[in-house]
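What follows is a set of notes on a single structure, which appears directly below.
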Amino acid sequence: MSTNDRMTVEITGRQQELLLEGLRYIASSIRLRREDPTAETIKARREELEEVRRLADLIEGNAPAEMAMN
């Protein structure tokens, strides 16, 4: 599967909760990562956190239609 391939998955409410809990853990891990605060690392951290947030929004069903279609 390439990074642009789409996948549709049906999950239960509990599975959704577990995925969101895991994403919260990942976001916390990114925020707590010990790195020198250079412009590059700050930018990379923001991009990673934004990607996690977009995925969480998609899983929660809060993603805008155009985001879900991309």
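Values as computed for the structure displayed
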{"quantity": "Residue pairs meeting the criteria (Cβ under 8 Å; at least 6 apart or on separate chains; first under 17 Å from G13 (Cβ atoms) and without any contact (Cβ under 8 Å) to a residue 60 or more places away in the chain, in segment 42-62; second among the charged types (D, E, K, R) and part of a helix (DSSP H, G or I))", "calculated": "A56/R24"}
{"quantity": "Within segment 13-70, helices (runs of 4 or more DSSP H) holding 2 or more residues that are at pLDDT 90 or above and of a type in the set (A, V, I, L, M, F, W, C)", "calculated": "13-32, 39-60"}
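The values are calculated or read from the model by the stated rules, or taken from the named source; none is laboratory data. As the structure is a prediction and not an experimental result, all values here were calculated from the model. Glycine also receives a Cβ, built like all others from the backbone with ideal geometry; neighbour counts cover every protein chain displayed.
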